[in-house]
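*Asks:* To start, I am sharing the structure in question, which I have written as structure tokens.
The values are calculated or read from the model by the stated rules, or taken from the named source; none is laboratory data. The structure presented is a predicted model; accordingly, all values stated were derived computationally and were not measured. Cβ: placed from backbone, ideal geometry, glycine included. Neighbour counts: every protein chain shown.
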């Protein structure tokens, strides 16, 4: 299972990639593996807003459903519509093609409590 | 051990629409004995329909063969052992089916005047009383259509009670072992769900309830015996505490088959219970309904039950609509009457002694399976169980075999799999409910099969992964079904 | 002991195997002192033969729609059920199985539901249908909740010409989640829902408008016209059909601008049975499928690529989503749906259309026969197989007199509509022969005459 070093993570199993004021958000390899084959994903509208630690969407497999929690607050700059039509990408490439939303971050402080790759890996070891 | 797939019955059968030949009629309607009305002259053209696109035109014999073939791909209680935990798949007596089809029951219109339906009303009145007696409740409504419908009804009555007293309550406490219908019904009834964990021995502790019970809690909703198959031993103390805080205790009666004639939940502080007539009272499950979910309540909640209530004045039965505090209606008319007839027939056939023997035997059978399989499969709670027992796949996981594989392999051995992956508190749960109507020989065969499968898990795990091998279809691609939904037939 | 196979020896074998001296040792977790000391206060058990005699006696205290001529409808219809229906649903592989959670050994139930879903779509001209709900009334409540989820709005407008027990059910269901329910008046001349009444009630917070067609009075609604009013406010139009035989004659909800079609499918293959079990149907547009409650069967393949069926979109349901599920419903009314599918299939397109014409013709004949004895329809709207008349005398008295002639003459509407004191809802189906209808009209003339004096 992979946990790229250049990403930040949440305890709700989302990853964040920060590029200036834009944060790209997706779910981790561990999350897609626990869910199993993803069959459906629900994402917010472009231009909408998301709030840190609040749900912004839903991801479903055949037998499970999980909320997506936003690691940051801000406005939704871009939505990956491609994964809505092909949710299997979330299983195949969670950190790449299966990014979910890009958020224009309001407060850089939001990023301070996110986990590093090592911290996240340790967290899920304990979770098991 | 032989494998019981019947290959001769696995022939293909298209969907009915693919057998259609326009112009055929299976069973012609009656002929016109009145003049045919001038439809086009009476109803405006834009209100009339053209073709019924795709509707199948099939001969009578083709219809019979079609559904006969379909039925052969099904496994029912009449086909073999069906130890589906939580569902009480006991024998469905044939005399009940005959009873429900008596013209005097089947050919009654719900709006017939009461003087023409005295037999039906009497049956319902007596059935209410029997259920009240079995559970220790004061009043019973037969209106709800299913267990979950009964839950909603009971919770709405509780909600109405608090509103009526001028102090609405907002929360319902639900243990982590509960059926999914419990939180769903609570939400629909307008309550916020407060989860509570069962303690180490798989039951609720008074302390856990004390931690979450306050004056905003309308009810504690528990299942007893719970979904692990254990009796909630602290129920009396817990109920006393809930009552002290002004709340009610709702018991999901899904597992009543363990308790008939042994103990009355009403005497243990339960204020509301729903009965699943399709479980405890032997009415058939019908491939997923119709069931029936009557609700019993204590006196304080009786005024809130749905309308109409059945009344007896001297020897005359009637429907009472004048219940100002009633929650209203759960459905049109009075409930699933033909299911009530079957349950009534069952109770009259069994009598008090028979019902008690049924519960005792259900408990014996479950304990027999538990004792015989406990070294072979992981048993998370090793205590005497009630009418069902819960194992897990912990011992098999090492060979890469999980609960689903064990379940599917059982099919090859001629058994319906147990309930799997429920309750959620047991990882990889295998929930077995044998019921009282199975012989010792059947239980032994099942035990042998389960042991053989555990052995196969070690020696040839692939056989389990490939199972079932002898069925009409093999493992079904549920992911494809969800990703590329085809929810109806269309002309290809 | 009935249905319990264990001999004393078997019981001893089991006790020995579990290491218990008696059943009591297994019940140690039950609170001491609470165990019942005596037997339940229930009648003693009966051998099957005596049981059957008792049930036959009880059933004989009812009067069936076969013994009297019944002109009752109002949401429960007396139709002929072809022999194949009961014969096939009596196959115990169907009726003694449970929810098809294990698709490999439930393909029969699954394919039958898939076909039923398709039949409902074809009848209503909608895109998707579920595997059935409890009954028509609870289906309307579920549809109202679904409309709220889709629109994010709260208001629900019920036509006053929607079955009164359905309206009551909706109110009961929705009380916990905030009612916001209003009623739109019907036109006292036409007996149909007033578009103006809907316009008056509708707002930007209206989630849906619910209209029955043919409505409770038997009158046909102009759904297309109502659809315009409803959609202008971005609310959903829910059509309710309690008599689905009418869909063999009338334009279906799907082409009249309805967003959700719900109703009662009892008319297909299910006996009256004093009000249940019946089966609610629900159909909608593809875009709303994830907000639809209830079971759904989908077509897929097995691991060898062979056509197979399974339950799908389960994440909407209570066993996965728990308190956030689309509904608390767990089962459907599977066997009732099977009966309905077999009846529909037995009819086929030609048969259903003929049956619908026959029902219409019987009701028109009855309407005309009653006119000749001075009983006039109460409303001027068109009807299908039931209609409302206004009598000069108290309908209860008339109905009582008719009973003496073994005629159940309809439903007095006063109990539901206090204003309609003299109104009677009358239904005719293929089960009412010309002779019965003539006798009814003659009897009506007979009981009305004294009043004319």
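*Asks:* Filter the stretch B:236-260 down to the residues that are over 21 Å from the mean Cα position of the chain (by Cα) and within 10 Å of chain C (Cβ to nearest Cβ), then identify the one that is surrounded by the most Cβ atoms within 10 Å (Cβ to Cβ).
*Replies:* Filtering the stretch B:236-260 for residues that are over 21 Å from the mean Cα position of the chain (by Cα) and within 10 Å of chain C (Cβ to nearest Cβ), the one surrounded by the most Cβ atoms within 10 Å (Cβ to Cβ) comes out as B:236.
*Asks:* Do you know which residues across the stretch C:270-289 are on the phi < 0 side of the Ramachandran plot, in a helix (DSSP H, G or I) and within 8 Å of another protein chain (Cβ to nearest Cβ)?
*Replies:* C:289
*Asks:* Could you check the stretch B:208-245 and list, in sequence order, the residues that are in contact with a helix residue (DSSP H, G or I) (Cβ under 8 Å, 6 or more places away or on another chain) and part of a helix (DSSP H, G or I)?
*Replies:* Across the stretch B:208-245, the qualifying residues are B:209, B:210, B:235, B:236, B:237, B:238, B:239, B:241, B:242.
Each row is one residue, and each column tells you yes or no for (1) farther than 18 Å from residue C:217 by Cα; (2) in a helix (DSSP H, G or I).
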| position | (1), (2) |
| --- | --- |
| C:121 | yes, yes |
| C:126 | yes, no |
| C:137 | no, yes |
| C:150 | yes, yes |
| C:158 | no, no |
| C:162 | no, no |
| C:173 | yes, yes |
| C:188 | no, no |
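*Asks:* Let me ask you something else. Please pick out the residue among C:88, C:119 that is touching a helix residue (DSSP H, G or I) at 6+ places or on another chain (Cβ under 7 Å), modelled with pLDDT of 95 or more and at the interface with chain B (Cβ under 7 Å from one of its Cβ atoms).
*Replies:* None of the others qualify; the one that does is C:88.
*Asks:* Considering each of C:241, C:209 in turn, give the residue that is under 25 Å from residue C:72 (Cβ atoms), surrounded by 21 or more Cβ atoms within 10 Å (Cβ to Cβ) and either outside the structural domain of residue C:123 (by TED's automatic domain parsing) or touching a strand residue (DSSP E or B) at 6+ places or on another chain (Cβ under 9 Å) (or both).
*Replies:* Among C:241, C:209, only C:241 is under 25 Å from residue C:72 (Cβ atoms), surrounded by 21 or more Cβ atoms within 10 Å (Cβ to Cβ) and either outside the structural domain of residue C:123 (by TED's automatic domain parsing) or touching a strand residue (DSSP E or B) at 6+ places or on another chain (Cβ under 9 Å) (or both).
*Asks:* Considering (1) more than 29 Å from residue B:485 (Cβ to Cβ); (2) in contact (Cβ under 8 Å) with a residue 24 or more places away in the chain, say which one residue C:253 fails and leave the rest.
*Replies:* (1)
*Asks:* Then there's this: For the stretch B:384-392, check the following and say yes or no: at least one residue is assigned to a helix (DSSP H, G or I) and more than 24 Å from residue B:471 (Cβ to Cβ).
*Replies:* Scanning the stretch B:384-392, I find no residue that is assigned to a helix (DSSP H, G or I) and more than 24 Å from residue B:471 (Cβ to Cβ), so the answer is no.
*Asks:* So which residues in the stretch C:60-85 are in a helix (DSSP H, G or I) and either crowded, with 22+ Cβ neighbours inside 10 Å or touching a residue at least 40 places away in the same chain (Cβ under 8 Å) (or both)?
*Replies:* C:84, C:85
*Asks:* Sort through B:48, B:84 and tell me the only one that's crowded, with 18+ Cβ neighbours inside 10 Å and at pLDDT 95 or above.
*Replies:* B:84
*Asks:* Give me a count of the residues in the stretch B:63-93 that are assigned to a loop (DSSP other than H, G, I, E, B), at the interface with chain C (Cβ under 7 Å from one of its Cβ atoms) and in contact with a helix residue (DSSP H, G or I) (Cβ under 7 Å, 6 or more places away or on another chain).
*Replies:* Summing the residues that are assigned to a loop (DSSP other than H, G, I, E, B), at the interface with chain C (Cβ under 7 Å from one of its Cβ atoms) and in contact with a helix residue (DSSP H, G or I) (Cβ under 7 Å, 6 or more places away or on another chain) in the stretch B:63-93 gives 6.
*Asks:* Ok, one more. Look at residue C:45 and say whether it is assigned by TED's automatic domain parsing to the domain that holds residue C:428, in contact with a helix residue (DSSP H, G or I) (Cβ under 7 Å, 6 or more places away or on another chain) and assigned to a loop (DSSP other than H, G, I, E, B).
*Replies:* Working: assigned by TED's automatic domain parsing to the domain that holds residue C:428: no; in contact with a helix residue (DSSP H, G or I) (Cβ under 7 Å, 6 or more places away or on another chain): yes; assigned to a loop (DSSP other than H, G, I, E, B): yes.
Criteria not met by residue C:45.
*Asks:* Quick one: is residue C:333 at pLDDT below 95 and either at the interface with chain B (Cβ under 7 Å from one of its Cβ atoms) or over 30 Å from residue B:194 (Cβ atoms) (or both)?
*Replies:* So residue C:333 fails the test.
*Asks:* Could I ask something else about it? Among the residues that make up the stretch B:113-128, is at least one of them touching a residue at least 40 places away in the same chain (Cβ under 8 Å) and closer than 27 Å to residue B:179 by Cα?
*Replies:* yes
*Asks:* Can you report the number of residues in the stretch C:91-113 which are assigned to a helix (DSSP H, G or I) and either in contact with a helix residue (DSSP H, G or I) (Cβ under 8 Å, 6 or more places away or on another chain) or more than 7 Å from chain B (Cβ to nearest Cβ) (or both)?
*Replies:* Step one: filter the stretch C:91-113 for residues assigned to a helix (DSSP H, G or I), giving C:92-95, C:103-105, C:107-113.
Applying the additional criterion that residues be either in contact with a helix residue (DSSP H, G or I) (Cβ under 8 Å, 6 or more places away or on another chain) or more than 7 Å from chain B (Cβ to nearest Cβ) (or both) yields C:93-95, C:103-105, C:107-113.
Total meeting the criteria: 13.
*Asks:* Shifting gears a bit: Select from the stretch B:341-373 the residues that are in contact with a strand residue (DSSP E or B) (Cβ under 8 Å, 6 or more places away or on another chain) and more than 7 Å from every other protein chain (Cβ to nearest Cβ) and write down the one among them that is surrounded by the fewest Cβ atoms within 10 Å (Cβ to Cβ).
*Replies:* Only one residue fits best here, namely B:373.
*Asks:* Keeping to the stretch B:424-447, report how many residues are surrounded by fewer than 16 Cβ atoms within 10 Å (Cβ to Cβ) and within 14 Å of chain C (Cβ to nearest Cβ).
*Replies:* Going through the stretch B:424-447 one residue at a time, the tally reaches 4.
*Asks:* If residue B:13 meets every condition in (1) at pLDDT below 95; (2) surrounded by fewer than 19 Cβ atoms within 10 Å (Cβ to Cβ) apart from one, which number is that one?
*Replies:* (2)
*Asks:* Consider the stretch C:356-395. How many of its residues are farther than 18 Å from residue C:69 by Cβ, assigned to a loop (DSSP other than H, G, I, E, B) and within 13 Å of another protein chain (Cβ to nearest Cβ)?
*Replies:* 4
*Asks:* Another question, if that's okay. Taking residue C:322 as the residue in question, decide whether it is at the interface with another protein chain (Cβ under 7 Å from one of its Cβ atoms), assigned to a helix (DSSP H, G or I), over 22 Å from the mean Cα position of the chain (by Cα) and at pLDDT below 95.
*Replies:* When the stated conditions are applied, residue C:322 passes them.
*Asks:* At least 3 residues that are within 26 Å of residue C:319 (Cβ to Cβ) in each: list the strands (runs of 3 or more DSSP E) lying fully within the stretch A:13-128 that qualify.
*Replies:* Of the strands (runs of 3 or more DSSP E) lying wholly inside the stretch A:13-128, those with at least 3 residues that are within 26 Å of residue C:319 (Cβ to Cβ) span A:38-42, A:55-61, A:65-69.
*Asks:* To continue, here is another question. Answer yes if at least one residue in the stretch C:377-386 is in the same structural domain as residue C:434 (by TED's automatic domain parsing), without any contact (Cβ under 8 Å) to a residue 60 or more places away in the chain and either more than 25 Å from the chain's Cα centre (by Cα) or surrounded by fewer than 21 Cβ atoms within 10 Å (Cβ to Cβ) (or both), and no otherwise.
*Replies:* For the stretch C:377-386, residues in the same structural domain as residue C:434 (by TED's automatic domain parsing), without any contact (Cβ under 8 Å) to a residue 60 or more places away in the chain and either more than 25 Å from the chain's Cα centre (by Cα) or surrounded by fewer than 21 Cβ atoms within 10 Å (Cβ to Cβ) (or both): present.
*Asks:* Which numbered condition in (1) within 21 Å of residue A:4 (Cα to Cα); (2) at pLDDT 95 or above is the only one that residue A:32 fails?
*Replies:* The failed condition is (2).
*Asks:* Something else about it: Any chance you could count how many residues in the stretch B:462-492 are surrounded by 17 or more Cβ atoms within 10 Å (Cβ to Cβ) and either in contact (Cβ under 8 Å) with a residue 24 or more places away in the chain or closer than 25 Å to residue B:370 by Cα (or both)?
*Replies:* Qualifying residue count, the stretch B:462-492: 8.
*Asks:* Something else now. If you go through the stretch B:94-108 one residue at a time, do you hit one that is in a loop (DSSP other than H, G, I, E, B), more than 7 Å from chain C (Cβ to nearest Cβ) and farther than 17 Å from residue B:340 by Cβ?
*Replies:* Within the stretch B:94-108, none of the residues are in a loop (DSSP other than H, G, I, E, B), more than 7 Å from chain C (Cβ to nearest Cβ) and farther than 17 Å from residue B:340 by Cβ.
*Asks:* Among C:113, C:202, C:156, which is more than 30 Å from residue B:53 (Cβ to Cβ) and crowded, with 23+ Cβ neighbours inside 10 Å?
*Replies:* Just one listed residue meets the conditions, C:156.
*Asks:* Hey, another quick one. For residues that are surrounded by 16 or more Cβ atoms within 10 Å (Cβ to Cβ) and touching a residue at least 12 places away in the same chain (Cβ under 8 Å), scanning just the stretch B:23-45, find the one that is farthest from residue C:428 (Cα to Cα).
*Replies:* B:24
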